[in-house]
Each structure stands twice: as C-alpha cells, then as structure tokens.
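The structure appears below as structure tokens.
The values are calculated or read from the model by the stated rules, or taken from the named source; none is laboratory data. For clarity, every value in this text was computed on a predicted model and none was experimentally measured. Cβ placement follows ideal geometry from the backbone for every residue including glycine, while neighbour counts extend to all protein chains displayed.
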Ligand code: THG
C-alpha cells in the first residue's frame, strides 16, 4: 500500500513522541492532525480497552474558543440544542447546523463561564464558519483555536488510574461534567466523557509543554494496571453507536436523520441559524435515519466508501462504518436507511467490496 507523506500541514501533537514510542501502527488525519487508529491490532486494542485502561491522544479534537460578552449568544446561533439551562462546568453534545439545517459538526460544547466556551470539534473546519458568523453579525467575541489538546483516559480502570495522578476528587466528576485539577502548577479541565462506552475521562491539556510530562505521569502511575496507549476503537464505537462526522453523516444530513433529534430543542433554541429550516423539515419528519445493521457472514473489509444497501433490488440506503465484533460474533455496522426499510428486523442486502451480504436492521446498538 502507498504511504501518507508527513509535512507541516499534517500537524503532530503534544503527545506524538509518546504515541510513537508506544508503537503506533496506523494513523488517520482528523482536523489536519494525526489521530492514531491502531496500536497492536484493532481487535487486540478493543479487548484491552474493555478490560483495562488506555490513554488516547485525541488532540485532533481541536477546540474552537469563544471569549467575550457575546460568546453565549454566538454559541446558541450555532446549535438547535437549547443552551439556556447549561451551567459552567457542564459539557453538552451539540449538533451544529448551517442555514439549511445540514450538519456541520457534532462537537462537545464545554461551558467554562458565561463568556468563555470551548467547542471540541469533530472533523470539519468549524473555526471558519464560526469566525464568519462572529464577524458577519459584528458580535463582541473573540474566536480562535487555543493551545488545548484533549487526552482521553478510557476503560474500566480509568477512575483508579486518574485518582492516582489527580487525587480521589476525580471520582466525583459526573457524566458530561468537568472540574479543574492541578498538574505541575497548571489548572486543567477534566471531564467525565470520551468517545467510548467503557467509561472514563478527558483531560483538556492547556499548554503543549505539559503534554509529555502528563503522558509520562499517567503511564508511570498505571504500570501495574496494564495501562496502554490506545485510540478511539472502530469496533467498540460502532457497537456503541458513536457517530463519526464525515463518515456516518455529512452536511447533507439533518440532526434528525442522524438520530440526534434528542439533542435538538428547535422550538426554543431562539437564534439558531438553522432554526427555520429545521422547523420545516422536522414537521414532516426525516425520510431516512441512522440505523444499526448486523451484516451476515465472515469479517467484512474496512468500509472506506459507502456500501449501497438494497431490498428487492432497489436501493434503500448505505452502510458507512462496519467491523467484525468479537463479542457479538457478527459484523456490526452503521447505516443510513430509508423510512420504508428502517424498522427493526427488516432484511436487506449490503454490497460490500467482496460481494453482496444479507443483513438485518437492528432494534438498538449493541452497547
Ligand atoms: N470528546 C470531545 N470532543 C470530541 C469527541 C469526544 N470531538 C469530536 C467527536 N468526539 C465529536 N463526536 C462525539 C460523538 C459522540 C459523543 C461525543 C462526541 C458522545 N456521545 C454519548 C453517546 O452517544 O452515548 C453521550 C451523549 C450525551 O448523552 O450527551 O459522547 O468524544 N471532547
């Protein structure tokens, strides 16, 4: 296979030295930055994540910082989720939509204070959209990308490892909340969140200089817990129904098509730029939606382009993420399926690169 060439445009991270020393075997590019995808093997990494604890370099989850008197107003313009009840110390998963109601990103919003927010973005150039809105509407707010790199600690032993480095107070952090913790004289936001269903934390590492010291502190503290370097795991995130922007949805999809209607309060999200468009489409309801799909047969190949889904010879959707699940002894996948065929139990066929496979729409994701 050809290799990807490295250059200044493909950004390294404050933890890249540690990631390489740990023997990273594969990367993807995310927000123009390196994101590890494999250490031992995707299956071995999966097993270790479910049994132990991993440290993930998710620096590529870049922050768009909003700072100033209009920060909260700008944040609400970006999303149909009603943010009025959101308090400092909370994180919200927020669909971001354009003027047509199309998804531009699905980040985690972090409210530091009324006039300071971080938007922890998925893989799209949200900074440009946000700067455009702030300037076009002449808002009193600064928008930039700070030197903040998230480091995730995920897995069943995450609480015990984090308590050794930051103290027992980390155990008190509730899901999608954060608190401040000191490391080498810096105050860092530590949230109970992360792109897995195994539980854990995300440390918003402010200041690249403390990246490797923190990385090393976690590995030293976790030696007897079998801590390893890891990364978002393809199998585990499909089992858990965690969506990947650019893969499972794009700006052609509304939040409702993505199953993110529960994160929309379009009627009360006054100021949201996509509000009128979403009110119109939400009235009819979506005609296609994200579904878990079990694909029969042997382990599928990697899904690097949408796989058409058919029923009775007619196209009824596509699969955009797929992997063999050792725990469920089946291929697990995420697809976008038309209304006529999205009911649980519906039999469909998926055109994979090594042939047509029988498949079944599932009632819910696996974990
Ligand atoms: N953490 C942070 N930033 C991120 C991600 C993250 N930016 C990129 C990407 N991941 C954004 N996408 C997601 C997708 C799913 C979730 C978070 C970010 C997620 N969803 C939970 C679920 O679906 O079970 C819970 C959502 C909720 O109940 O509020 O965690 O992972 N910092």
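Scoring residue 204 on the criteria (1) touching a residue at least 40 places away in the same chain (Cβ under 8 Å); (2) more than 10 Å from the ligand (Cβ to nearest atom); (3) more than 20 Å from residue 81 (Cα to Cα) leaves a single failure, condition (2).
List the strands (runs of 3 or more DSSP E) that sit entirely inside the range 318-363 and contain at least 2 residues that are touching a residue at least 24 places away in the same chain (Cβ under 8 Å) and in contact with a helix residue (DSSP H, G or I) (Cβ under 8 Å, 6 or more places away or on another chain).
Hits in the range 318-363: 330-338.
Take the conditions (1) farther than 24 Å from residue 253 by Cβ; (2) touching a residue at least 60 places away in the same chain (Cβ under 8 Å); residue 114 misses just one of them, which is (2). Give the residue, chosen from 66, 49, 35, that is surrounded by 21 or more Cβ atoms within 10 Å (Cβ to Cβ), assigned to a helix (DSSP H, G or I), within 16 Å of the ligand (Cβ to nearest atom) and touching a residue at least 40 places away in the same chain (Cβ under 8 Å). From the options 66, 49, 35, the qualifying one is 49. Answer with yes or no whether residue 59 is without any contact (Cβ under 8 Å) to a residue 12 or more places away in the chain and either in a strand (DSSP E or B) or within 20 Å of residue 147 (Cα to Cα) (or both). The answer is no for residue 59.
Among the residues of the range 78-97, just one is more than 20 Å from the chain's Cα centre (by Cα) and either surrounded by 24 or more Cβ atoms within 10 Å (Cβ to Cβ) or without any contact (Cβ under 8 Å) to a residue 24 or more places away in the chain (or both), namely 85. In the range 130-146, the condition of being out of contact with any helix residue (DSSP H, G or I) (no Cβ under 9 Å at 6 or more places or on another chain), at pLDDT 95 or above and surrounded by 18 or more Cβ atoms within 10 Å (Cβ to Cβ) is met by no residue.
Looking across 343, 312, one residue alone is more than 25 Å from residue 252 (Cα to Cα) and more than 22 Å from the chain's Cα centre (by Cα). It is 312. On the basis of being more than 16 Å from the ligand (Cβ to nearest atom) and free of Cβ contacts under 8 Å to residues at least 24 places away in the same chain, does residue 169 make the cut? Answer is yes for this residue.
So which of 243, 278, 214 is buried (at least 16 other Cβ atoms within 10 Å of the Cβ), within 11 Å of the ligand (Cβ to nearest atom) and either in contact (Cβ under 8 Å) with a residue 12 or more places away in the chain or assigned to a loop (DSSP other than H, G, I, E, B) (or both)?
Within the list 243, 278, 214, the selection yields 243.
Report whether or not residue 18 is in a helix (DSSP H, G or I) and surrounded by fewer than 23 Cβ atoms within 10 Å (Cβ to Cβ). So residue 18 passes the test.
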